[in-house]
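Structure, as structure tokens:
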Number of protein chains: 2
Amino acid sequence: MSTIQTNTITTVSQNLCFEGTQGVYSHVSEQTGCTMRFGVFLPPQAKVGPVPVLYWLSGLTCTEENFITKAGAQRVAAELGVAIVTPDTSPRGLDIPGMADSYDFGLGAGFYVNATQAPWAQNFRMDAYVSQELPAVMAAHFPIDAQRTGIFGHSMGGHGALVLALRNPQRYRSVSAFAPIVSPLHCPWGEKALAGYLGPDRDTWKDYDACALIESRGWTGPALLVDQGANDTFLQTQLKPELLQQACSRAGVGLDLRMRAGYDHSYFFIASFVESHLRFHAQQLAL
Amino acid sequence: MSTIQTNTITTVSQNLCFEGTQGVYSHVSEQTGCTMRFGVFLPPQAKVGPVPVLYWLSGLTCTEENFITKAGAQRVAAELGVAIVTPDTSPRGLDIPGMADSYDFGLGAGFYVNATQAPWAQNFRMDAYVSQELPAVMAAHFPIDAQRTGIFGHSMGGHGALVLALRNPQRYRSVSAFAPIVSPLHCPWGEKALAGYLGPDRDTWKDYDACALIESRGWTGPALLVDQGANDTFLQTQLKPELLQQACSRAGVGLDLRMRAGYDHSYFFIASFVESHLRFHAQQLAL
């Protein structure tokens with residue numbers, strides 16, 4: 001791996017929140033070839049020393065802002081002394097034909113892969129961006145303890161969290177997800193995205209399919225924590241948590257799957273259960 | 001007062017949130033002559049009986065949505081068993097010249113007054129809408145105990161909460177505010193709004209000036225609770241909490257003014273302290 005440039009970040013905004021600081025920053029990313037925004041919540045404990053860090057990966061159509069404003073996570077993060085980093089969901093501001101044609105591909109829909117297909121391969125490198133470049137930027141500019149890193153996300157971002165953790169178990173000590181796409185090989189969102197970014201050879205998709213990765217690589221960290229709304233409109237067509245259950249069962253990987261009666265796919269669902277995810281990660285990262 | 005029509009409301013959305021229901025509804029308002037949206041969070045306790053109700057009044061440019069998605073209030077409201085109603089901040093969808101020309105007058109800036117000046121007088125009746133029509137709609141359609149009603153708000157909505165409580169002490173048992181406009185007679189936002197809605201005679205403005213009302217009518221309810229960020233950009237030009245202190249002091253009205261070092265005017269500030277406001281109201285409404 002060549003040296004990652006982390007020289008310059010620009011402060012977009014900073015707001016005091018629960019005695020911590022909710023910031024939004026921008027930088028020019030080598031991986032995506034464009035200016036990327038990301039949020040960082042620094043808890044008050046960061047004033048006296050490095051704190052553990054959680055990466056939150058958002059879902060389709062989101063930016064760095066959705067989780068910051070809607071999840072209500074800062075209260076608990078401030079109590080626990082955990083930083084939360086919220087990347088954007090795709091490159092932006094590029095002139096790639098078709099980039100903004102649909103809500104589930106291109107803009108706002110990077111799917112946390114490194115694309116191999118034209119015209120996406122040069123910029124749609126959200127895997128490398130989130131798992132390599134952004135951690136280097138964080139280490140260079142913020143008082144975080146990179147040895148204590150966890151990752152979580154929602155929907156497409158739940159897929160991203162699971163996949164990046166399974167691909168980089170040395171980097172992520174804990175992983176959890178809300179309503180994740182557990183197997184892009186087996187749902188319309190995933191098939192469209194991976195065909196577009198990775199091409200028609202479905203064998204290559206297995207590197208970005210949580211269920212396939214669980215069976216091929218396993219997971220020796222703490223049991224995967226997943227919350228899923230039972231009234232989620234995408235439950236049966238896109239999310240299919242039963243596939244995750246089956247993969248974990250076959251691979252002997254622990255899974256704490258919590259079906260939540262009456263809850264849907266929205267941030268109202270996330271806000272309702274984010275506290276328990278934060279406490280789960282904080283406990284793991286304290287070890 | 002003639003009978004208020006409360007026949008029909010339409011459900012725009014409902015999301016389960018902390019085991020309660022966050023709904024958004026619409027109805028045709030007699031007072032504003034247009035379709036109005038409002039949010040209602042019903043805590044789980046509402047399934048077994050009427051619950052106390054809090055009205056939240058938002059600030060300039062807001063709709064019914066901002067508080068619902070950004071304040072993180074549902075968690076505590078669900079714990080305390082309090083409903084929260086979030087009206088919009090002005091009439092919408094009307095064809096009034098000049099209605100959308102500025103962020104601080106007209107659309108999103110009703111200032112919670114009953115306008116007397118053309119072309120606003122027919123529709124910009126947010127005082128009557130919030131303090132009379134909407135409570136009647138709530139009583140007709142939701143399991144709330146109108147005898148236990150409190151009111152709070154932010155900025156222009158903090159002004160609205162204070163003014164409506166002071167004008168209707170029989171209706172509101174408790175009132176609190178975040179960064180309120182305490183005296184529209186003495187700030188540019190207030191002068192512009194009240195001149196436009198009420199005309200040039202500043203004597204008529206005193207009916208909608210919290211400081212003037214405190215001195216003319218007093219307040220025998222619990223001490224007014226106000227949180228104010230010390231780093232609020234609008235502190236010295238628009239908000240001027242010292243005027244509220246002086247008015248309360250002269251009138252012998254209790255005021256719990258909490259200056260919050262480092263906090264600004266945003267929802268990050270509101271989210272940080274909304275729990276204490278909810279607990280304050282719940283305690284008063286339990287009496």
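The values are calculated or read from the model by the stated rules, or taken from the named source; none is laboratory data. Note that the structure is a prediction, hence the values are computed from the model and not measured. Neighbour counts are summed over all protein chains in view; Cβ atoms, including those assigned to glycine, are modelled from backbone coordinates with ideal geometry. These area figures cover heavy atoms from the full protein model, side chains too; ligands, DNA and RNA do not enter into them. Shrake-Rupley method; radii C 1.70, N 1.55, O 1.52, S 1.80 Å.
Summary table
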read-out: q = 0.23 Å⁻¹: log10 I(q)/I(0) that the Debye formula gives for segment B:197-273, counting C-alpha atoms only; value: -1.07
read-out: For A:Val51, distant residues with modelled amide H under 5 Å away; value: A:Ile144, A:Asp145
read-out: Nonlocal Lys pairs with alpha-carbon distance under 17 Å, the protein assembly as shown (8 or more apart, or different chains); value: 7
read-out: Relative contact order [Cα under 8 Å, 6+ residues apart], segment A:1-153, whole percent; value: 27 percent
read-out: Principal axes of segment A:24-67: Cα extent on each, largest first, Å; value: 34, 23, 14
read-out: Å² per residue, accessible surface of the protein assembly as shown at 1.4 Å; value: 37 Å²
read-out: Debye intensity ratio I(q)/I(0), log10, the protein assembly as shown, q values 0.05, 0.08, 0.09 Å⁻¹ (C-alpha model); value: -0.23, -0.59, -0.73
read-out: Backbone HN-Hα couplings from phi across segment B:94-109 [Karplus 6.51/-1.76/1.60, Hz, Gly and Pro as x]; value: 9, 9, 9, x, x, 5, 10, 7, 9, 6, 10, 7, x, 4, x, 8
read-out: Charge dipole (debye, nearest 20) of segment B:1-109; +1 at Cβ of Lys and Arg, -1 at Cβ of Asp and Glu; value: 320 debye
read-out: The protein assembly as shown - share of DSSP beta bridges that are antiparallel (%, nearest 5); value: 50 percent
read-out: Antiparallel bridge percentage (DSSP; both residues within segment B:65-223; nearest 5); value: 40 percent
read-out: Label point 7 Å beyond Cα along the C-beta direction, distances from B:Thr204 to other copies (nm, shortest first); value: 7.2
read-out: Value of [θ]222 nm, deg cm²/dmol, for chain A, DSSP H segments ≥ 4, -39500 (n - 2.57) each, nearest 500; value: -8500 deg cm²/dmol
read-out: Cα lying deepest toward the dipole's positive end in segment B:1-146, options B:Ser29, B:Leu60, B:Ala46, charges on Cβ; value: B:Ala46
read-out: Rotationally averaged projected area of segment A:10-285 (alpha carbon convex hull; nm²); value: 12.9 nm²
read-out: Unit charges on C-beta of K, R, D, E only; dipole of the protein assembly as shown, Debye; value: 980 debye
read-out: Apportionment of accessible area to carbon and sulfur, segment A:1-102, percent (1.4 Å); value: 48 percent
read-out: For A:Thr21, distant residues with modelled amide H under 5 Å away; value: A:Leu42
read-out: Alpha carbon convex hull of segment A:8-96, volume per residue in cubic angstrom; value: 103 Å³
read-out: Simple Cβ-charge dipole of segment B:69-110, Lys/Arg +1 and Asp/Glu -1, about Cα centre, in debye nearest 20; value: 220 debye
read-out: Peptide-level mean, for A:12-19, of C-beta atoms on other protein chains within 10 Å; value: 6
read-out: Relative contact order (%) - criterion: Cα under 8 Å, at least six apart; region: chain A; value: 17 percent
read-out: Kirkwood-type radius of segment A:162-202, with distances r between different C-alpha atoms, in Å; value: 11.6 Å
read-out: Heavy-atom accessible area, 1.4 Å probe, ligands and nucleic acids excluded: residues of segment A:49-89 down by at least 30 Å² from chain alone; value: A:Thr69, A:Lys70, A:Arg75
read-out: Percent RCO, i.e. relative contact order, over segment B:144-287, from Cα pairs under 8 Å lying at least 6 residues apart; value: 25 percent
read-out: Within a Gaussian network of chain B (alpha carbon springs, distance under 10 Å), most fluctuating of B:Gly160, B:Gly20, B:Gly262; value: B:Gly262
read-out: Highest-fluctuation residue, A:Gly93, A:Gly229, A:Gly110 considered, GNM on chain A with Cα pairs under 10 Å; value: A:Gly93
read-out: Beta carbon of chain A nearest to the axis of the rotation taking A to B, residue and angstrom distance; value: A:Gly72, 2
